[in-house]
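One structure is given here, and the rest of the page talks about it.
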Amino acid sequence: MSLYPGVVRTTLAKNHHLACGIFYVSFILTYPLYWFGTKNVNEGAQTSLYTIFEETSNLKSGGYYADCEQRQIDSESNTPEIRSQLWSWTCKQLGINKDCTKAD
């Protein structure tokens, strides 16, 4: 199962090196749009909480959830070939074999 919490307003980038100069000025000028187009942290957590506390029988194995409901997955990104490539890449990044054992 996977989920998308949405674009959430946090302070993660507050002390980032880009949080100064022209980037900062641009952010201040567009902040009202940013604020209306994003979720606060409580709203962003709702889909995660939904998938945690919802009865397992009401959730689909391998489903994609956003805004507390199951969503359709783009068919172009959900082919056996793409899934196999993603699985191989993930195993390589984690240092495990494709059968989920630690790589030598």
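Quick note: the coordinates plus some simple rules give every number you see, no bench work behind them. Fair warning: this is a prediction, and the values are worked out from it, not measured in the lab. All Cβ positions, even for glycine, are placed from backbone atoms using ideal geometry, and neighbour counts span all protein chains on display.
If you go through segment 42-85 and keep only what is in contact (Cβ under 8 Å) with a residue 12 or more places away in the chain, aliphatic (A, V, I, L, M) and closer than 30 Å to Asn97 by Cα, you end up with just Leu59. For segment 55-93, which residues satisfy the criterion of being loosely packed, with under 11 Cβ neighbours inside 10 Å, more than 30 Å from Asn40 (Cβ to Cβ) and not polar (S, T, N, Q)? Once the filter is applied, which keeps residues that are loosely packed, with under 11 Cβ neighbours inside 10 Å, more than 30 Å from Asn40 (Cβ to Cβ) and not polar (S, T, N, Q), segment 55-93 yields Glu76, Pro80, Glu81, Trp89. The single residue among Tyr50, Tyr31, Tyr65 that is under 29 Å from Thr11 (Cα atoms) and either of a type in the set (Gly, Ala, Ser) or touching a Ser or Thr at 6+ places or on another chain (Cβ under 9 Å) (or both) turns out to be Tyr65. Taken together, the criteria exclude Phe27 from residues that are aromatic (Phe, Trp, Tyr) and closer than 21 Å to Met1 by Cα.
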